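Please read the structure below before turning to the comments.
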Amino acid sequence: MSDYAKLLEKLTNFTCDWVVGSVKDVVGLCMTVIGLDGFITIGDRVAVKARDGRLVQSEVVGFQGDVARLMSFGALDGIGPGCEARIPLSRQSGGLGINSSWLGRVVDPLGQPIDEKGPLWPASKRQAIQCPPPNAASRARLGERIDLGVRALDAFATCRRGQRLGLFAGSGVGKSTLLSMLARGAECDVAVISLVGERGREVREFIEDDLGPEGLARSVLVIATSDSPPLMRREAALSAMAIAEYFRDQGKSVLLLMDSVTRFCMALREIGLSAGEPPATRGYPPSVFAELPRLLERAGPGYPDKGMITALFTVLVEGDDQNEPVADAVRGILDGHIILDRKIGEQGRYPAIDVLRSLSRAVPGCNSPEENALTQRARAAMATYQRMADMIRLGAYKPGTDREVDEAIALMPRLNQFLSQGRNERSTRAEAFEQLAQIMQTVPQTTPLNAA
């Protein structure tokens, strides 16, 4: 065989494993890469080789002509123009290899264990990170009522399996503490907890003090601290949702706790602005408000023969403004909202839940008529007291002038005591309604003013 024939045979049997390009520019959080056009799409993973030989995993976030914009899952130290960027020619299935060995473990957003308990068992099938929610016309309806372990929520914002609630609060009002009470006391088979942009100092405290060994045994924690790149913070929310979907499809009742949606949106804002999107509402690019419902709608009931994801998402409202863009968008998507008020916390009542401004859309349909009447009467008493609070404190109100106000004054000390709960104290829904009924029976119902 001639040399030409041998060369032709080698070229015919040649297989290419990688497509290789190179870094053109590094600006801010983004790299621009050339030489990969025609082989990559949005969301593809690209390995960039730093000067020291380290491979940095990156993701395609945009294109400008034949130049791809990449953001990294790690630090950009050691990466500069001319560095090699490569992608496997044969697409490998992405996602996470989730299985039962993940219970009781702490992982990073890429599914790597960070708790020093050894490697995770290999899984035969990988769970996609990005996937659509169950078909709206085919997914199951909300399930039975669920005990959250917090009296104020069980009585005044009763939750059903598959429901999605938002915890709205400013900084330092106690939403992380309330989240820890839910993680330890809520009724579920599996708890998936996502800490997005959390303070690194608080992670171990949350695991050891708030969850404890029993809570950790039924939980999977996905952690991305505040110093993580924006892609890792975004991935922390998406990976936690994928883990919850895996256990939901196993028929489990899953509790998903995410702290916080606001930091997820901030990560999306950094990604969008770095990719060249124009800032819109308060600096958030349009893609943030398109991505938000794609994440939140994945929680909730699965198909009728599957389990359910009961989800609670915390929202950090900037400047205690409940109508800021992220809070307003989340409130319109979820099935209820729990407002934590700074003024209530300053009075020493924790959790600082503002019952009058909180709402569960599953109520009153899931409670009995007697329970609805009980909570309505308690709400009316709290609203009356709130309306007259300034006059009562100033001594301008004379007892006996108004029966409803007199009843509210008599009830408020016991209602405030009912709404207060220690972080290590757990309550059931039945106990909550029983205690509330006892409180409301201490003062007889008022008669109409014109009946006297």
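Express as a percent, rounded to the nearest 5, the fraction of DSSP beta bridges in the chain (both residues included) that run antiparallel.
Counting only bridges with both partners in the chain, antiparallel ones make up about 55 percent.
Report the number of Lys pairs in the chain whose alpha-carbons are under 24 Å apart, with separation of 8 or more residues or on distinct chains. Write down the numbers at each step before the final one.
Details: Lys24/Lys49; Lys117/Lys125; Lys125/Lys252; Lys125/Lys306; Lys175/Lys343; Lys252/Lys306.
For the chain, qualifying lysine pairs total 6.
Pop out the carbon and sulfur fraction of the accessible area of the chain as a percent, whole number, probe 1.4 Å.
Values: 10910 of 21240 Å².
Carbon-and-sulfur percentage of accessible area, whole number: 51.
What is the Cα coordinate range of the stretch 275-332 on the first, second and third principal axes, sorted by size from largest, in whole angstrom?
Dimensions of the stretch 275-332 along the principal axes of its Cα atoms: 43, 29, 15 Å.
Under the 0.36 nm per residue contour assumption, what length would be gained going from the current alpha-carbon distance of Ser124 and Ala75 to full extension? Mind dumping the intermediate values first?
Details: separation 49, 0.36 × 49 = 17.64 nm, distance 3.12 nm.
Result for the pair: 14.5 nm of gain on full extension.
At R0 = 35 Å, how high is the FRET efficiency between Arg218 and Gln435 if r is their beta carbon distance? Nearest 0.05 is fine. Don't skip to the end; give the middle numbers.
Values: r = 27 Å, r/R0 = 0.78.
According to the calculation, E is roughly 0.80.
Rg and Dmax in Å for the stretch 200-315, alpha carbons only: what are they?
15.6, 47
Could you give the nm distance between label points at Glu370 and Glu425, where each point is 7 Å from its Cα heading toward the beta carbon?
2.5
Output the Cα-based Rg and Dmax of the stretch 317-363 in Å, rounding Rg to one decimal and Dmax to a whole number.
11.5, 32
Averaged per residue, what accessible area in Å² does the stretch 46-131 show with a 1.4 Å probe, protein chains only?
Numbers: 4530 Å² over 86 residues.
Roughly 53 Å² per residue, with all protein chains present.
Just to verify a number: FRET efficiency for Arg51 and Asp390, C-beta to C-beta distance, R0 = 51 Å, to 0.05? Mind dumping the intermediate values first?
Working: r = 67 Å, r/R0 = 1.31.
Efficiency, rounded to the nearest 0.05: 0.15.
Find, among the GluC sites (Glu not before Pro) in the stretch 266-368, those assigned to loop by DSSP (not H, G, I, E, B) with at most 16 other beta-carbon atoms within 10 angstrom.
Numbers: sites: Glu270, Glu291, Glu297, Glu318, Glu346; in loops: Glu297.
Counting only loop positions with at most 16 other Cβ atoms within 10 Å, the GluC sites (Glu not before Pro) in the stretch 266-368 are Glu297.
Given the C-alpha atoms of the stretch 16-152, compute the convex hull and give its volume per residue in Å³. Spell out each step's value before the answer.
Values: hull volume 32.0 nm³, N = 137.
Per residue, the Cα convex hull of the stretch 16-152 comes to 234 Å³.
Could you point to the label whose value was computed as Cα extents along the principal axes in Å for the structure here, given (1) 65, 52, 44; (2) 116, 42, 42; (3) 78, 59, 51?
Correct label is (2).
The values are calculated or read from the model by the stated rules, or taken from the named source; none is laboratory data. Since this is a predicted model, take the numbers as computed values, not measurements. Every residue, glycine as well, gets a Cβ built from its backbone with ideal geometry; the counts of neighbours run over all protein chains shown. Note: accessible area is taken over every heavy atom of the protein model, side chains too, but ligands, DNA and RNA are not part of it. Shrake-Rupley method; radii C 1.70, N 1.55, O 1.52, S 1.80 Å.
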